[in-house]
Amino acid sequence: MAHPFSVIAKPIGPRCNIDCRYCYYLEKERLYPDTGRFRMADAVLSRFVADHLAAQEAAGLAEVVFLWQGGEPTILGIDFFRRVLELQAAAKAPGTVVRNALQTNGTLIDAEWAAFLAASGFLVGLSLDGPRAIHDRYRRDRAGRPTFEAARRGLDLLLAAGVETNILTAVHRGNVLRPREVYEFLTGLGCAFLQFIPIVERRGRDGGLCELPPPAGPADAEVTEWSVAPLAWGRFLCEIFDLWHRRDTGRISVQFFDVQLGLWAGGPAGLCVFAEDCGGCLALEHNGDLYACDHYVYPAFRLGNIMSEPLAAMAASPVQAAFGTAKSATLPAQCRGCRFRFACNGGCPKHRFARTADGEAGLNYLCEGFRKFFRHAGPRLSLMAGRLAAGLPPRPAAAGR
């Protein structure tokens, strides 16, 4: 039986209506210098929908998830996603359940969008970095204007319409030292699902962003000024964990903590970042080009194009398999002997550009922060995992109330 995989589809490519300073994807326009209009053609969309459904159904999945990102996918308009639903309904096998997830900056969400997303059962991830001043530090439009009000208005419309919504918060130099303020703000918005994503970007000698660690990327690339510092990232996680553990377990879902709880309970990683190997989450560009990963959209990691090669065949190719197993195969000795390896597995390969204590390459830049969090939260995660194994809620009902 074939193995399931996921695809982050980018039907608008890198095009976006705002210009976040830390965004790694906007510069992907360089890959397509002759493209004036980044919009997935209907032929490409049709092929993707059919191929993705067929591949997942062949892998035995009764539920197939489509992930739509960008750039900013709402630029495409509601009719584009109505067409998506039509194609999915026509291509799916009887009994297959199709889910759609859309990542957005929220600024273009209006009442019509909210009603459509609610009626169609979309899961929506909306980016919000914290209160107004924090959010607007890096998330501005192309004219330099702040975007907080538009994003907050979009969130309110989604929640009012009953759309299942996650808030995605990028953690960077502008908010990492203010964890309590950020968490209190986010948990007061009426959304019960939060994600915290550390921003780690490097700049090469040409001035462009370079995510790839050596040898694929330049050894002399410097971390950008907005990237989160490792120890600050660890302290951010610790302070928010304390708040969450004391009062919000069972009420607020924090993706990072949920994934870690599963790992401390002995389960598989619920997030590719912490899996032993990767390669199961690919990226599809607007023209049908398929890449090894959303963070490896570079020519060297292009697997092919779905208009000429089957999606499933590229996902299962030896090249992609080697990309995935390279994560564990290149793990430094310090990581292999670490007592927290099960909870980390070296983290995302794109961040493994630091050196271990004895000078070996391949250490995750955020290692110090992760280790601080594991030492701080590990005992409580173990207790929570034990309660879950016994069929109990992760925290006693009266605790923290």
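Tabulated values for the structure
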read-out	value
Listed residue (ALA143, ALA9, PRO94) projecting farthest to the positive dipole end of the chain, Cβ model	ALA143
Magnitude of the charge dipole, segment 1-98, Cβ model with Lys/Arg +1 and Asp/Glu -1, debye to 20	160 debye
Candidate values (1) -0.26, -0.56, -0.68, -1.09; (2) -0.28, -0.61, -0.75, -1.17; (3) -0.23, -0.55, -0.69, -1.26, label of the one derived for log10 I(q)/I(0) by the Debye sum over Cα atoms at q = 0.06, 0.09, 0.10, 0.13 Å⁻¹	(3)
Candidates per trypsin sites (Lys or Arg not before Pro) in segment 294-390, loop by DSSP, up to 16 other Cβ within 10 Å	ARG339
Out-of-range pairs (alpha-carbon distance over 30 Å; input LYS10/LYS372; LYS327/LYS372; LYS92/LYS350; LYS28/LYS92; LYS92/LYS327)	LYS10/LYS372; LYS92/LYS350; LYS28/LYS92; LYS92/LYS327
Kyte-Doolittle mean at least -0.5, axial Cα span of 15 Å or more - DSSP H helices of the chain	42-58, 78-91, 148-161, 230-243, 318-329, 367-389
Point-to-point label distance, ALA361-ALA300, nm (Cα→Cβ direction, 7 Å offset)	1.0 nm
Amide proton proximity set for SER253, modelled H, under 5 Å, gap of 5+	PHE193, LEU194
Two-site label geometry, LEU383 and ARG339: point separation in nm, points 7 Å out along Cα→Cβ	1.8 nm
Charged-residue dipole, Cβ positions (Lys, Arg, Asp, Glu), segment 309-371 about Cα centre, Debye nearest 20	220 debye
Most positive-pole-ward Cα, LEU388, ILE167, TYR296, against dipole of the chain from beta carbon charges	LEU388
Amide H partners (placed H, <5 Å) of VAL171, local residues excluded	ILE197, ILE199
Extension reserve of the ALA313-TYR32 stretch, reckoned as 0.36 nm per residue once the Cα distance is removed	98.7 nm
Charge dipole (the chain, unit charges on Cβ, about Cα centre) - positive-most of HIS351, ALA62, HIS286	HIS351
Charge dipole magnitude, Cβ of K and R +1, D and E -1 - the chain, Cα centre, debye nearest 20	1160 debye
Label-point separation in nm, GLU63 to PHE193, each point 7 Å along Cα→Cβ	1.0 nm
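Computed from the coordinates by the stated procedures, all read-outs in this text should not be read as laboratory data. Note that the structure is a prediction, hence the values are computed from the model and not measured. Backbone-built Cβ (ideal geometry, glycine too); neighbour counts: all protein chains shown.
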